[in-house]
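Quick notes on the structure that follows.
The values are calculated or read from the model by the stated rules, or taken from the named source; none is laboratory data. In this text the structure is predicted, and so the values were computed from the model without any measurement. Note: ideal-geometry Cβ built from the backbone for every residue, glycine included; neighbour counts use all protein chains shown. Calculation scope for accessible area: heavy atoms of the full protein, side chains included, ligands and nucleic acids excluded. Shrake-Rupley method; radii C 1.70, N 1.55, O 1.52, S 1.80 Å.
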Amino acid sequence: MVRPGQLDQRIAIQDFTLAADGGGGLTRAWADLATDPDVWASVKAGGGGESTTEDRTNATAMTTFVIRNRSDIDERMRIVWEGLDYNIRHVMREGSRAMYLTILAERGVSN
């Protein structure tokens, strides 16, 4: 169980949005959530791994983020923590009355 004092890391939550591409069209780009994108979190590193594709080694790392409960976060989004991007892989919901929300996110992969 996380205590409020353990929410000691600042993270940003981002989602895809449509942005002008400079040629009159639109492109998808990451942008901070419109409502409260920067939140306090407890961060715990998890396991990692490596894979090789096309003579290139790719490293990944799982991280658990715990934040105050909110309903506007899903697996299409990402977290930015200390300048690194973490793709949200699973949001563990315990109901609307739960105090905290646990998010499993992975670094080193793209959506």
Per residue solvent-accessible surface (Å²) - the chain, probe of 1.4 Å: 65 Å²
Protein accessible area in the chain, 1.4 Å probe - carbon and sulfur %: 48 percent
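Report the Stokes-Einstein translational diffusion coefficient (µm² s⁻¹, integer) for the stretch 64-103, Rh taken as the Kirkwood radius over Cα pairs, at 20 °C with viscosity 1.002 mPa s.
Working: Rh = 10.6 Å.
Using the Kirkwood radius from Cα pairs, D works out to 202 µm²/s.
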Mean Cβ neighbour count within 10 Å, used as a protection proxy, ranking 63-69, 85-91, 2-8 highest first: 63-69, 85-91, 2-8
q = 0.10 Å⁻¹: log10 I(q)/I(0) that the Debye formula gives for the chain, counting C-alpha atoms only: -0.34
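Below 13 angstrom from the Cβ of ALA45, what's the summed charge of the other residues (Lys, Arg +1; Asp, Glu -1)? Mind dumping the intermediate values first?
Values: positive: LYS44, ARG107; negative: GLU82, GLU106.
Every neighbour counted, the sum reads 0.
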